Amino acid sequence: MAGTHSLFDDKYEYRDPSQQKRKNARVKITIEGEFCVKGKTQKFPVHVVDIGTGGAGMETRTSVFEGDRIVLFAAINGKNMELESEVIRVSGKKANIIFVNLPDEDKDLIQDLIHKKFFDKDKKPLS
C-alpha cells in the first residue's frame, strides 16, 4: 500500500538471527547525524545505516581509523543521543563502531526501537 511502512521497505532489513555473527541484533536504518573525535569539538556529518544495542554501522566521507574513539550525535527513537564509541572496522567510507559506556537508558531506547521494528503490528518509520 502506498504510504505505509513495513519490514519489507528498502529502509528496513530483516537479518535472520541464525545468520547473525554478532550477539546484539541490529536493524537497518537511515539516520543523519554527526560525530566528533573524542576530546575534540569539530563535528563531521555521518549517516547511521544500522544500529543495535552493541554498536552501529555508519557512512562518512571523513577518514576514521580502527581504534579511534568518537562520539556519535544522532536522534534515535525520539531522543538526541551522544554515544561514546570505538571504531572497530573500516572499509572505504563505511565504518562499524561499538558503543562504550552506553547508559542503560540509551540501551533500552535502542532495544525498544529494534523491538518495534520486528514485533509491532503497526510498523513505524525508523527515527
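The values are calculated or read from the model by the stated rules, or taken from the named source; none is laboratory data. What you see is a predicted model; the values in this text were computed from it and never measured. Methodologically, a virtual Cβ is constructed for each residue, glycine included, from the backbone with ideal geometry; neighbour enumeration extends over all protein chains shown. Protein only, heavy atoms only, side chains kept; ligands, DNA and RNA dropped before computing areas. Shrake-Rupley method; radii C 1.70, N 1.55, O 1.52, S 1.80 Å.
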How many of the residues in segment 107-127 are open to solvent by 70 Å² or more (accessible area, probe 1.4 Å), under 19 Å from V49 (Cβ atoms) and modelled with pLDDT of 75 or more?
1
Name every residue in segment 97-106 that is touching a residue at least 24 places away in the same chain (Cβ under 8 Å) and open to solvent by 40 Å² or more (accessible area, probe 1.4 Å), in order of residue number.
I98
Does I97 qualify as being touching a helix residue (DSSP H, G or I) at 6+ places or on another chain (Cβ under 7 Å) and among the hydrophobic types (A, V, I, L, M, F, W, C)?
no
Restricting to segment 29-49, what's the tally of residues that are part of a loop (DSSP other than H, G, I, E, B) and of a type in the set (A, V, I, L, M)?
0
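Condition check ((1) within 19 Å of D112 (Cα to Cα); (2) in contact with an Asp or Glu (Cβ under 8 Å, 6 or more places away or on another chain)) across all residues:
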{"residue": "V27", "(1), (2)": "yes, yes"}
{"residue": "T30", "(1), (2)": "yes, no"}
{"residue": "G39", "(1), (2)": "no, no"}
{"residue": "T53", "(1), (2)": "yes, no"}
{"residue": "A56", "(1), (2)": "yes, yes"}
{"residue": "A74", "(1), (2)": "yes, yes"}
{"residue": "L83", "(1), (2)": "yes, yes"}
{"residue": "S91", "(1), (2)": "no, no"}
May I ask you to say which residue of T60, T41 is modelled with pLDDT under 95 and either polar (S, T, N, Q) or buried (at least 17 other Cβ atoms within 10 Å of the Cβ) (or both)?
T41
